[in-house]
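The structure under discussion appears below in the form of structure tokens.
The values are calculated or read from the model by the stated rules, or taken from the named source; none is laboratory data. Keep in mind that this is a model prediction, so the values were computed, not measured. Every residue, glycine among them, receives a Cβ derived from its backbone with ideal geometry; neighbour counts consider all protein chains shown.
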Amino acid sequence: MINPDSFIYDIVEFIYFNCLCRFMSWNINNRKCLSCGACVGVCPVNALRLTEHGVEVDKNKCILCNTCATICPVKAIKVEK
């Protein structure tokens with residue numbers, strides 16, 4: 001038997017990742033970035049890593065939740081439509 005709560009969650013997740021995310025992207029201004037690592041520490045899916053060039057995003061992991069942009073002290077990260 002199908003669990004209705006799980007089924008609804010699966011549908012919402014499918015729509016989010018396969019439809020909505022296609023129209024959104026992130027932009028990191030590495031000139032503004034302080035390389036403090038605050039964004040790396042709060043990413044719920046570990047999609048960010050700090051490199052010698054600044055922050056890099058793993059496009060396959062990022063769920064565009066905007067947590068990194070919210071925590072960035074200099075607003076170097078933007079999640080946009």
(request) State which residue is modelled with the lowest pLDDT when the search covers only the stretch 25-80 and only residues that are charged (D, E, K, R) and either in a strand (DSSP E or B) or in contact with a Phe, Trp or Tyr (Cβ under 6 Å, 6 or more places away or on another chain) (or both). (result) Glu80
(request) Test each condition in (1) free of Cβ contacts under 8 Å to residues at least 12 places away in the same chain; (2) buried (at least 17 other Cβ atoms within 10 Å of the Cβ) for Leu64 and report the one that comes out false. (result) (1)
